[in-house]
Ligand SMILES: C[S@@+](CC[C@H](N)C(=O)[O-])C[C@H]1O[C@@H](n2cnc3c(N)ncnc32)[C@H](O)[C@@H]1O
């Protein structure tokens with residue numbers, strides 16, 4: 001899509017305008033608000049890890065909802081948000097769980113109540129390739145979640161729909177007492193993205 005068309009589309013988009021109005025860094029903030037309104041994944045006082053967090057809309061929402069320790073992780077730097085800790089790291093790297101654990105320990109925490117991931121690959125436009133890259137990010141997010149979540153903790157991840165969706169969903173279903181796929185109203189209609197919510201982590 002050309003830049004002029006994209007800019008025009010953004011100006012018309014209700015969530016884009018609402019994000020500007022309420023001071024959120026991205027329209028994606030409304031996706032997390034809608035997911036939380038439906039599934040109550042974040043409670044007051046929760047320790048929250050947000051993967052693929054830049055520019056920080058979800059971090060702003062997570063901080064408002066929890067008021068507790070909130071850690072954002074991304075390949076890109078994230079401009080300062082009051083009360084939010086950030087880490088520049090590739091979530092698919094072998095040592096990502098350990099690096100995040102080190103940040104948790106700064107707050108005397110061993111584990112988190114909630115792991116979120118809105119991580120996206122750069123979109124190529126080739127549906128199956130983008131799905132595969134998104135699936136890799138989901139697997140990385142689930143590995144971090146299963147390493148760092150408390151028993152009973154909650155998980156949310158974005159995935160682009162495609163052939164591995166069902167397998168990944170089943171994997172989440174096995175590890176959590178509750179699992180559901182959900183498309184918030186703020187997701188664009190033409191987008192392949194959907195969110196998988198897992199509640200009640202069951203450590204092995
Ligand atoms: C759609 S944006 C996230 C928007 C964010 N939830 C918000 O509300 O502002 C997706 C992010 O995933 C990040 N990302 C993609 N691959 C990653 C990886 N391997 N490790 C860490 N972050 C990654 C990108 O840098 C990008 O900032």
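Since every read-out is calculated from the coordinates, none of them should be taken as a lab result. Bear in mind that the values here come from a model prediction, so they are computed numbers and not experimental data. Positions of Cβ are backbone-derived with ideal geometry, glycine not excepted, and every protein chain shown enters the neighbour counts.
Looking at residue 112, is it within 24 Å of residue 75 (Cβ to Cβ) and either within 16 Å of the ligand (Cβ to nearest atom) or in contact with a strand residue (DSSP E or B) (Cβ under 9 Å, 6 or more places away or on another chain) (or both)?
Working: within 24 Å of residue 75 (Cβ to Cβ): yes; either within 16 Å of the ligand (Cβ to nearest atom) or in contact with a strand residue (DSSP E or B) (Cβ under 9 Å, 6 or more places away or on another chain) (or both): yes.
The answer is yes for residue 112.
Conditions (1) near the ligand (Cβ under 8 Å from one of its atoms); (2) over 15 Å from the mean Cα position of the chain (by Cα), marked per residue:
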residue: 37; (1), (2): no, yes
residue: 42; (1), (2): no, no
residue: 45; (1), (2): no, yes
residue: 48; (1), (2): no, no
residue: 52; (1), (2): yes, no
residue: 59; (1), (2): yes, no
residue: 63; (1), (2): no, no
residue: 69; (1), (2): no, yes
residue: 75; (1), (2): yes, no
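Within region 84-106, how many residues turn out to be surrounded by fewer than 13 Cβ atoms within 10 Å (Cβ to Cβ) and either in contact (Cβ under 8 Å) with a residue 12 or more places away in the chain or near the ligand (Cβ under 10 Å from one of its atoms) (or both)? Give the steps one after another, and end with the answer.
Here is the first cut: in region 84-106, the residues surrounded by fewer than 13 Cβ atoms within 10 Å (Cβ to Cβ) are 93-95, 98, 102, 105-106.
Imposing the further condition that a residue be either in contact (Cβ under 8 Å) with a residue 12 or more places away in the chain or near the ligand (Cβ under 10 Å from one of its atoms) (or both) reduces the set to 93, 106.
Result for region 84-106: 2.
With the requirement that a residue be within 25 Å of residue 172 (Cα to Cα) and surrounded by fewer than 20 Cβ atoms within 10 Å (Cβ to Cβ), what does region 107-117 give you? First the steps, then the outcome.
Start the filter on region 107-117 by keeping residues that are within 25 Å of residue 172 (Cα to Cα), which leaves 109-117.
109, 110, 111 - these are the residues of region 107-117 that are within 25 Å of residue 172 (Cα to Cα) and surrounded by fewer than 20 Cβ atoms within 10 Å (Cβ to Cβ).
Within region 182-196, how many residues are touching a helix residue (DSSP H, G or I) at 6+ places or on another chain (Cβ under 7 Å) and surrounded by fewer than 15 Cβ atoms within 10 Å (Cβ to Cβ)?
Total satisfying the criteria: 1.
Name, by its number, the condition in (1) away from the ligand (no atom under 16 Å from the Cβ); (2) assigned to a strand (DSSP E or B); (3) in contact with a helix residue (DSSP H, G or I) (Cβ under 6 Å, 6 or more places away or on another chain) that does not hold for residue 157.
Going through the list (1) away from the ligand (no atom under 16 Å from the Cβ); (2) assigned to a strand (DSSP E or B); (3) in contact with a helix residue (DSSP H, G or I) (Cβ under 6 Å, 6 or more places away or on another chain), residue 157 breaks only (1).
Can you go through 72, 23 and tell me which one is on the phi > 0 side of the Ramachandran plot and free of Cβ contacts under 8 Å to residues at least 40 places away in the same chain? Reasoning before the result, please.
Numbers: 72 fails: on the phi > 0 side of the Ramachandran plot.
Residue meeting the stated conditions: 23.
Looking for something more than 18 Å from residue 31 (Cβ to Cβ) and over 14 Å from the mean Cα position of the chain (by Cα) - is there at least one such residue anywhere in region 192-200? Steps first, answer last, please.
Of the residues in region 192-200, the ones more than 18 Å from residue 31 (Cβ to Cβ) are 200.
With the extra rule that they be over 14 Å from the mean Cα position of the chain (by Cα), the set shrinks to 200.
Yes.
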